[in-house]
Amino acid sequence: MRVGGPAEALVTVADIMELRTLMEYIETRRLRHFVLGKGGNTLFTSRGFCGIVIRLGRTFDACDIHENKVSAGGALSLPSLARQTAAQGLTGLEFACGIPGLVGGSLVGNAGTGSESLSDHLVFIDLLDRKNEIRRLTREEVGFSYRHSNLTAVSSVVLRAHFRLRQSHPQATRQRISSLTEYRGETQPLKFPSAGCIFKNPVPRKNGDSPRSAGALIEGAGMKGVTVGGAEVSRIHANFIVNRGHATSDDVQELIRQVHARVRERFGVSLELEVRIVEA
C-alpha cells in the first residue's frame, strides 16, 4: 500500500546459508523479525517495525518443471509461476496470474480467488523452522483452510513449494491467463496501491445458503468511495482500500474500522480481516 513507518533493519538474504546465519543471529539475541514477501495483504503501522524485516533474494525464485511436477522457490512471484507453468501446458495455477504476491507469503495466507486456492495443488513444502532446521511438510501437515495456514504459528520461512498439476494444451492455458488478466483489470483498482482484499468473504451458513461477499456487504453498507485522509474504499471493488497518493497507515486502519462497524451495524456481520496488520 506504500504506507507504514520504517523498520529498524531490512535484510535481503542471498541464499540458504545467509538465511540460517541470520536466523541464528536473531535467535541468539532474541530479536523480533518479520519475513516479508511482496507486501500484499500486509499493513505496517505508521510507527514501523521494531525489529528485522527479512526478504528472500534471487536464488529463492527458481521454478523447476518436470512433467507435471513443479518446484517453486519461496521468492518466486505468483504471476511468473502461472506463466511458466502455463507455457508448459500445465493447468491449475492460471488463477495465480492475478495475485501480486510471492509463493512463500501467499502460502502462509493460502492466497486464491473465490473458487481456487494455492494449496489446492500443493503436495509439500520445504521450510526453515524455528530451530533453524530444514523440514518438509505435506499439505495436510500445514493445515490449510480458507485464507489460512499454520505456517505463521510455527514461525517458519517457506523455502520451496512443490505442486502437482494437470496436463493441458499451452494455447488453452495461455488463453485462460489472458482472460483472467483482462477480467482483473476490469474489476480491481490496479491504478492505485492497495494490499488486495481487506476482508475475508464470510463463510457459508449452516443451512447451506451462500452469504454475500465482503465486497457486496461493504457496498451495500454504503461505504464504497468513502475516504479517510488519502485512503479510499475503492469505487471499483469495495473490498479494496486504495492509497490515493498521500495515505498513511493510520488513515487505512481508521477506514478499516469504519467499514467493519458499518457492515456490522447494517447487516449484523462481523467481517474478518484478510490483511495482516503488523504491529510496531
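Observations, loosely collected:
- Comparison of G5, G51 shows that the only residue that is at positive phi and of a type in the set (G, A, S) is G51.
- Single residue of segment 114-148 satisfying the filter (in a helix (DSSP H, G or I) and of a type in the set (A, V, I, L, M)) that is nearest to M17 (Cα to Cα): V142
- Wholly within segment 193-280, strands (runs of 3 or more DSSP E) carrying at least 2 residues that are closer than 26 Å to T45 by Cα, at pLDDT below 95 and not aliphatic (A, V, I, L, M): 194-197
- Selection of first residues in segment 86-101 that are touching a residue at least 12 places away in the same chain (Cβ under 8 Å) and surrounded by fewer than 20 Cβ atoms within 10 Å (Cβ to Cβ) and of second residues that are of a type in the set (A, V, I, L, M) and assigned to a strand (DSSP E or B), restricted to Cβ pairs under 7 Å at least 6 apart or on distinct chains, gives the following pairs, ordered by first then second residue: Q88/I65.
- Output for segment 93-109, where each listed residue is of a type in the set (A, V, I, L, M) and either closer than 18 Å to R58 by Cα or part of a helix (DSSP H, G or I) (or both): A96, L102, V103, L107, V108
Matching residues to (1) in contact (Cβ under 8 Å) with a residue 40 or more places away in the chain; (2) of a type outside the set (D, E, K, R):
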residue	(1), (2)
S77	no, yes
V108	yes, yes
A111	yes, yes
E116	no, no
L127	no, yes
K131	no, no
V142	no, yes
L151	yes, yes
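The values are calculated or read from the model by the stated rules, or taken from the named source; none is laboratory data. Nothing here was measured: the structure is a model prediction, and the numbers come from that model. Note: ideal-geometry Cβ built from the backbone for every residue, glycine included; neighbour counts use all protein chains shown.
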